[in-house]
Amino acid sequence: MTGKTEHREKDNQAEKISLRSDEVEEILGRPPGWLISFGTGVLFIVVAIVIAGSGFFSYPDIVRAPVLITRENPPSILIARTAGKPDAIFRNDGDLVNKGDTIAVIENPARFSDIFRLGKYVNLFNWIIRSDEDISIINLPGDLVLGEVQPAYNAFTVALNDYTIFISQDYFESRISALRAELEEYKTYRENLRRQGKLAERDLELGMIQFKRDSMLYAGGVISESEYENAQVLLLNKQKAFETAGLILSDAVITIARLERSIADTRLEKEERHQMLFTVLINAFRQLESELALWENRYLFVSPASGTLDYLSVWSNLQELKAGEAVFSIIPGNMGELYARILLPFRGAGKVRPGQRVNIKLDGYPYMEFGMIGGSVLSVSGGPVEDGFPAVISLTRGAVTTFGHELEVMRELPGIAEISTDEMSLLERLFSPVRHLLRNRLI
């Protein structure tokens, strides 16, 4: 009896649960109309606000490019072009140096004092060439230790010695003088021959007159045949003497012409020899200059500008320098205005125009701590280089960051420039692809 009662109670509870579930299902399946209207209205308002906001709110595109902040007269960095220890350091850290001053020399096979002596001779020789002075005044020493420059120096000394011997001995001029003396003698001899020729000619003329007389006498029977034959022989001798005088004169004229030609040939040979020796000398000198310049470029640290010397990575003669290592810098007294150079990438470069705002994040100064450098685009190059378009940025507040830090720009500062181009609303950006597709389809 008790079991039946419990079973009935369970059935009644199950029926009540089933009825409640149907009621809940009916409420959820049919939400109130006011709720639907309210929700739809709220959703429409939200969508409208988003669309309106996308039309009003705009932001620019950002073009990023590597930047280098520098000055009009940046410090000059002297880099070691070969490895080795300093052979000598001639200036101290903080010294004022002038353009062209020698600061230090790296050890090498040459004695730098001999290289400096050679430099003075090179300058002297250049002055002699420009002023057309006598080259023989140069007396080169033979005890210089020049290392890599030695072969070029030896070739130059040989060429200079050959040239000075040619000038001092003047063999060709002596030969020309001898030929001229011989020529003058032959000219005198020619004049004598001409006088003798005129005498022989006069003698022939008189002989012919006498022969005519003898011929008339012979025809009249006044003289014998033998006397007439003697007159003929005498006339033939006079004709032979006249012709011989003409031949001798012709030989003298030919000899004079030969001597004049020899003088001209000797003079030409002298000029050719002189030009050849001078060309060899100049070529040897230019080669010496080139080798000397290569040596100086490799082993010397020469100040490229006037300013204050700053040691970067060398402190003593025992320190080993590496090739490509920055060793000294020259800080000019007037570094000029501060500006930034950038290289715009090809992608997006067409959006960049003068006057646009630029924010610069420097590599050496984290922008989260120091802030950024503000500026504007000053100019954009119309011609590209290999990696983009060069441009110049004007720094609005100089080296003062957005956080108020004033940076000391003593060297070039690299970083990234963010250029804010023309602003576009979000709505324009959303519809730009659609507009592009419609234009392409219409075309």
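The values are calculated or read from the model by the stated rules, or taken from the named source; none is laboratory data. This structure is a prediction, so every number in the text was calculated from the model and none was measured. Don't worry about glycine lacking a Cβ; one is built from the backbone with ideal geometry, like all the others, and counts go over all protein chains shown.
The combined condition, being touching a residue at least 40 places away in the same chain (Cβ under 8 Å), among the small types (Gly, Ala, Ser) and out of contact with any Lys or Arg (no Cβ under 9 Å at 6 or more places or on another chain), is fulfilled by Gly197.
Any residue in region 328-337 that is at pLDDT 85 or above, of a type in the set (Gly, Ala, Ser), surrounded by fewer than 18 Cβ atoms within 10 Å (Cβ to Cβ) and assigned to a loop (DSSP other than H, G, I, E, B)? No, every residue in region 328-337 fails to be at pLDDT 85 or above, of a type in the set (Gly, Ala, Ser), surrounded by fewer than 18 Cβ atoms within 10 Å (Cβ to Cβ) and assigned to a loop (DSSP other than H, G, I, E, B). When Gly371, Gly388 are checked against the criterion of being modelled with pLDDT of 75 or more, in contact with a Leu (Cβ under 8 Å, 6 or more places away or on another chain) and surrounded by 14 or more Cβ atoms within 10 Å (Cβ to Cβ), Gly388 stands alone in meeting it. Taking residues in region 73-90 that are part of a strand (DSSP E or B), and partners anywhere that are of a type in the set (Lys, Arg), the pairs with Cβ atoms closer than 9 Å and at least 6 places apart or on different chains are Ile77/Arg411. Counting the residues of region 353-382 that are at positive phi and of a type in the set (S, T, N, Q) gives 0. With respect to (1) modelled with pLDDT under 90; (2) within 23 Å of the chain's Cα centre (by Cα); (3) within 16 Å of Asn108 (Cβ to Cβ), the lone exception for Glu296 is condition (1). The set of residues in region 129-146 being surrounded by 15 or more Cβ atoms within 10 Å (Cβ to Cβ) and within 29 Å of the chain's Cα centre (by Cα) consists of Leu146 alone.
Of all residues in region 290-327, those being among the polar types (S, T, N, Q) and part of a loop (DSSP other than H, G, I, E, B) number 6.
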